[in-house]
Amino acid sequence: MIKKVLVANRGEIAIRVMRSCREMGIQSVAVFSEADRTSMHVRYADEAYCIGPSASNESYLVIDNIIEAAKKSKVDAIHPGYGFLSENATFSDRCKKEGIIFIGPSSHAINTMGDKITARKTMQKANVPVVPGTTEPIQDLDKAVAVIKEIGLPVMIKASAGGGGKGMRLVMKEEDILPAVSSSKSEAKAAFGDDSVYIEKYINSPHHIEFQILADNHGNCIHLFERECSVQRRHQKVIEETPSPVMTPEVRDEMGKYAVAAAKAVNYSGAGTIEFIVDDQLNYYFLEMNTRLQVEHPITERVVGVDLVKEQINIANNEPLSLKQEDLSQKGHAIECRIYAEDPENNFMPNPGLIKHITEPLGLGVRHDGYVYKGYEIPMYYDPLISKLIVWAPTRTEAIDRMKRALYAYKIIGIKTSIPFLNRIMDVPAFRQGKYNTHFIQDNEEFLLNEEKPSQKLKDIASIAAFFSYLKKLEKHQSPVNLNGGSNWKTFGRKKSLERL
Ligand code: MV4
């Protein structure tokens, strides 16, 4: 029985995992880099250990340091969260060797799915539909040209060790085959030390739809339906929702069965995600499997009514799944917005810095998974994700309205965030109508980046008002810090009307 867990991660996901641990009566141990000494996950844990300097390749990615902390703290298990070592087969094996439970799949499942060519081959063997293309690395170009002539242009050249778009090339014309293959190969070599590439037929304007699965160590496997993740920017997810606005009950049932077959083909254990690429006619193809808990898991938790971290821990305890496929259903609609410390007006540049003020959204149907607090300085070393705002409502339209309400209430002073950009997405007619695919942000870029800006005159008036308010507060010996989220206009206006009463 797992009684103590080390969480080999930071930020919102470390706290997310520890919350479930606390509910299950499990002690949690945090690890942290020097830059994360004041991080919230360190405070939330029952115990915490420094594992090295700020750079993640000197701390969160160093297997030896994490194992050392695990031994010192005498944990039974390690939860890797997402990113960092979560899909590292060597780490999964090392934990096993040290007698520590890795809360995740075996190195075999991680390796098979981590190599995209092997994954495609394995899926084909399991009769899971894959995108038409090659299941062997491209060796010579004549063969590549022959294959492409057979499946027809356009095609995509992809790196076997890749995923998330790295090393990917779109080929429209025959004369582009050679340069695409060679540049894909060299990018893959530089990024992964493996230059194997393969060919896939190009699916135009696809949807990214993924299925959550859970598999135990007794041969049971279930799916927890889909997540629509087509709102992406440079292969970075921005918004996720479930159910998918384009899904039908028949296709959902088919895809769910294939997702279970995919997991069973690698003898999977734990929580995982099968990604599909889906075209306009709802033809679907296996793309890749993520062998970890994903960032967007909370929308599934809300609509299906499960705690995925709790399920992961039960599976790691060798318990059989308590959930049965026929008992599962989707209730209502959930949407997640990823809040990044990025400046949408400056090409989404990371914008780390001091949180001078934060008001988190609350209320009916709102979940906010974050980790920053007033006075916290976001370090520059890690992913700029600040938090995830998840809303639930009975219908999709109500969920969108609720998301707008929650985004409105979310105030962060000190850093630029993606909140205005997300709010803008909620107003795009194609999003409201659920008629969007992976080209959505590109197709609507002009609207999304053209926020209505206040005129110079308005800015001048606001500056003068803020200055007088500052003087008045100084007179009264009050703190001049503005706590209402950045605008003094509201309080200014309201005081006046009260005086008139
Ligand atoms: C594709 C594709 C079209 N056809 N494969 C992008 C990241 C990687 N996971 C796979 N990706 C794609 N693969 C074929 N055969 C289009 C994309 C793609 C994409 C996929 C999912 C979500 C967003 C995307 C944005 C651009 C391209």
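Values quoted throughout were computed directly from the atomic coordinates according to the rules given, and no laboratory measurement underlies them. These figures come from a predicted structure and were not determined experimentally. Because the Cβ atoms are built from the backbone with ideal geometry, glycine has one as well, and the counts that use them run over all protein chains shown.
Extension gain, residue 204-residue 121: 0.36 nm per intervening residue step, less the Cα-Cα distance, totals 27.6 nm. For the chain, a Kirkwood radius taken over Cα pairs fed into Stokes-Einstein (25 °C, viscosity 0.890 mPa s) yields D = 100 µm²/s.
When the charge dipole of the chain is built from unit charges on Cβ atoms (+1 for Lys and Arg, -1 for Asp and Glu) and taken about the Cα centre, the candidate among 433, 474, 184 whose Cα reaches farthest toward its positive end is 474. Segment residue 433..residue 139, full-extension length gain: 101.3 nm, with 0.36 nm per residue of separation and the alpha-carbon distance subtracted. Would you mind checking the tilt of helix 63-72 against the longest principal axis of the Cα atoms of the chain, expressed as 0 to 90 degrees and rounded to 10? Once rounded, one gets 70 degrees.
Exposure proxy shown here: for 342, 34, the number of other Cβ atoms within 10 Å sets the order, fewest to most, as 34, 342. 3J(HN,Hα) along the stretch 394-399, derived from phi through the Karplus expression 6.51 cos²θ - 1.76 cosθ + 1.60 where θ = phi - 60°, amounts to x, 10, 4, 4, 5, 5 Hz, with x in place of Gly and Pro. Between amide H atoms placed 1.01 Å from N, distances below 5 Å from residue 418 occur with 340, 342, all of them 5 or more places distant or on a separate chain. Across the stretch 163-174, coupling constants 3J(HN,Hα) worked out from phi with the 6.51/-1.76/1.60 Karplus curve, θ = phi - 60°, read x, x, x, 6, x, 7, 9, 9, 10, 9, 10, 4 Hz, and Gly and Pro carry x.
Does the stretch 189-244 come out rounded, prolate or oblate, given a ≥ b ≥ c as the square roots of the eigenvalues of its C-alpha gyration tensor, rounded meaning a/c under 1.5 and, failing that, prolate meaning a/b above b/c? Because a/c hits 1.5 or more and a/b fails to exceed b/c, the stretch 189-244 counts as oblate. Identify, among 320, 352, 340, the residue whose Cα sits farthest towards the positive end of the charge dipole of the stretch 282-361, taking +1 on the Cβ of Lys and Arg and -1 on the Cβ of Asp and Glu, with the dipole about the Cα centre. Comparing the listed Cα positions along the dipole, 320 ranks first. Relative to the Cα centre, the charge distribution of the stretch 329-474, modelled as +1 at Lys and Arg Cβ and -1 at Asp and Glu Cβ, gives a dipole magnitude of about 620 debye. What the phi angles of the stretch 310-315 give under the Karplus curve with 6.51, -1.76 and 1.60, with θ = phi - 60°, is a coupling list of 4, 5, 4, 5, 4, 5 Hz, glycine and proline written as x.
By the helix-only formula, in which each DSSP H run with n ≥ 4 contributes -39500 (n - 2.57) and the sum is divided by residues, the chain has a 222 nm mean residue ellipticity of -10500 deg cm²/dmol.
Neighbours of residue 395 by Cβ distance under 11 Å: Lys/Arg scored +1, Asp/Glu scored -1, total 0.
Summary of the geometry: the stretch 187-255 and the stretch 53-111, compared by the centres of their Cα atoms, lie 25 Å apart. Ordering 362, 282, 407 by the number of other Cβ atoms within 10 Å of each residue's own Cβ, fewest first, gives 362, 282, 407. Net charge dipole, the chain: roughly 1980 debye, given to the nearest 20, about the Cα centre with Cβ charges of +1 for Lys and Arg and -1 for Asp and Glu. Note on the stretch 379-439: with charges restricted to the Cβ of Lys and Arg (+1) and Asp and Glu (-1), its dipole about the Cα centre is near 120 debye.
Fewest neighbouring Cβ atoms within 10 Å first, the residues 50, 95 line up as 50, 95.
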